[in-house]
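This report refers to the structure that appears directly beneath it.
Values quoted throughout were computed directly from the atomic coordinates according to the rules given, and no laboratory measurement underlies them. These numbers come from a predicted model, not from an experiment. In this analysis, Cβ positions are derived from the backbone assuming ideal geometry, glycine residues included, and neighbour counts consider all displayed protein chains.
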Amino acid sequence: MSFFARKRAPEATIDVAPETRTDAPAATAVLDAPNAFADTGVSFADLGVSRDLVEAMNARGITAPFPVQVLTIPDALSGRDVSGKAKTGSGKTLAFGLPLLMRTRTAKKRRPASIVLVPTRELANQVAEELAPLAEARGLWIAAIYGGVSMSRQINALRSGVDVVIATPGRMNDLLERGEMSVADVQFVVLDEADQMADMGFMPQVERILKQIEGNPQTLLFSATLDGAVGQLVKNYQHDPARHEVESETQSVDSLEQRFIGVSTDDRLAVAARICAGAQRALVFVRTTHGADRIAKQLAGEGLRTEAIHGRLSQNRRERALASFSEGRTPVLVATNVAARGLHVDGIDVVIHFDPPEDHKTYLHRSGRTARAGEEGLVVTLVLPEQMRDVAQIQKDAGLDLAIVAMKPDDNRLLDLKSWEAPAGLVWPTAQRGGSPSAGANRRPARAAQGRPAGRGAVRAVSHGDHEGSRREDRQPAVAFSRRRR
């Protein structure tokens, strides 16, 4: 899906001329905001945001900026490059989107003036959807371009003229190689979720795009980390950037209610279903694409309206599933890691790690789908006996110290885990295959209960080759362009 402004002005006005770009001192400060969602006491107008954009945001109920916006928007409007270290859901889309829209000129056909590179299709759509009403206020055309869908509609859109392109690297490179678009005139670049693009192996494609830009574009980069491959991007493609940092995912993990529940293989599905039954909107993470479809079907068999989303679904099916979940028609969504970063849905009150993540970074990224924009959230990790040592390591790396407490499907605590205080004191367990989860010497024993008949809800293990993370789905160039109508 792509988005565009319904009304295009003959020439978009620019509130801050590109010539105002200034060279920053070599040493740049890292600024911290103790709370990514705190009341900043300033307005968007105070930051220099134009009146038309302020009015467009007010119409959508957006009246006060988040700290990441307060920190970054003034520097971006002055023409400086910006490196922002901020977690997903902290408001960084408007942090880069508002300066981008104010500093973007009407572009020539097939030669966008601004580009935003993102790691996933979902994130491309979500960024475009958030910026589309604001682009309309500026008389700008905006399009989301990504793989997995027909290219012809995207090509037609580019030939008609698009001012801002939001794209995954693979599809943009494919269009560049076909000669269907050029980035030579780009004056404003945003690299969003740069660390995710690095983790997915997209950096060569990102650099291939950046090297084709002529001149010295203003570049804004946002990432959960600013070292390694991301640090190299900053060094190579930014000029004395202003560095700003808001609360990181590692810091904010303490604000989540977190529970680690020991389960047997036979009970795991029923326990997950019981937790979902007590939630208004639950996101369930699994490790494989086949597992997502299977668990969604099994949860539906437990009486829960459930959809699945993963990389092997068509883009139309993924969008329908996300829309149904976002609008509340489907209260349970089963997802692979494809949704861990790109998914932006407000009001998710429970995230369940049905399959524990590979490492603490994935745990934080997945868990960050709840408690967004200052809301409360619950994160539950289901732990099989043989997974206890791996989960203990994840806890240690994430700075957690919570007991793994065994529960059966009919344990009443599952319906309201927030009201039950998780015991502290992580014990490094000795996992024994086939054994029952151990609560450890300092853990509160689980309430005795009769479980369901053996075998019900059992989930068969799938092969390692089915792991979605090995597919690198967005490396395949592709994009969908569907204009939103009145």
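The modelled label-to-label distance for the pair Ala277/Ala59, using points 7 Å beyond Cα in the direction of Cβ, is 4.6 nm. Between Leu191, Val70, Thr106, the Cα set farthest toward the positive side of the dipole of segment 18-247 (charges on each charged residue's Cβ, about the Cα centre) is that of Thr106. How much length, in nm to one decimal, is gained on full extension between Arg305 and Gln393, taken as 0.36 nm per residue of separation minus their Cα-Cα distance? That pair, Arg305 and Gln393, stretches by 28.3 nm at full extension. A DSSP coil position with no more than 12 other Cβ atoms inside 10 Å describes none of the chymotrypsin sites (Phe, Trp or Tyr not before Pro) in segment 126-210. Amide H contacts of Val379 (H built 1.01 Å from N, in plane; Pro and chain starts excluded): Glu257, Gln258, Arg259, Val351 sit under 5 Å, all sequence-distant by 5 or more or on other chains. For GluC sites (Glu not before Pro), the sites in segment 229-333 that DSSP calls loop and that have at most 16 other Cβ atoms within 10 Å are Glu327. Taking amide H as placed 1.01 Å from N in the peptide plane, the amide H of Gly161 sits under 5 Å from that of Arg110, each at least 5 places away or on another chain. Length gained on full extension, His239 to Arg317: 23.9 nm, using 0.36 nm per residue less the C-alpha separation. For Ala242, the residues whose modelled amide H falls within less than 5 Å of its own, excluding neighbours fewer than 5 places apart on the same chain, are Asp81, Val82, Ser83. With 18 Å as the limit, the listed pairs Lys297/Lys418; Lys211/Lys235; Lys108/Lys211 have Lys297/Lys418; Lys108/Lys211 beyond it between alpha carbons.
Looking at segment 101-135, the trypsin sites (Lys or Arg not before Pro) that sit in a DSSP loop and have at most 16 other Cβ atoms within 10 Å of their own Cβ are Lys109. Gain on full extension, evaluated as 0.36 nm per residue between Glu386 and Glu180 minus their Cα-Cα distance, stands at 69.0 nm. Legend: calculated FRET efficiency, Lys418 to Asp46, from the Cβ-Cβ distance at R0 = 35 Å, rounded to 0.05, equals 0.45.
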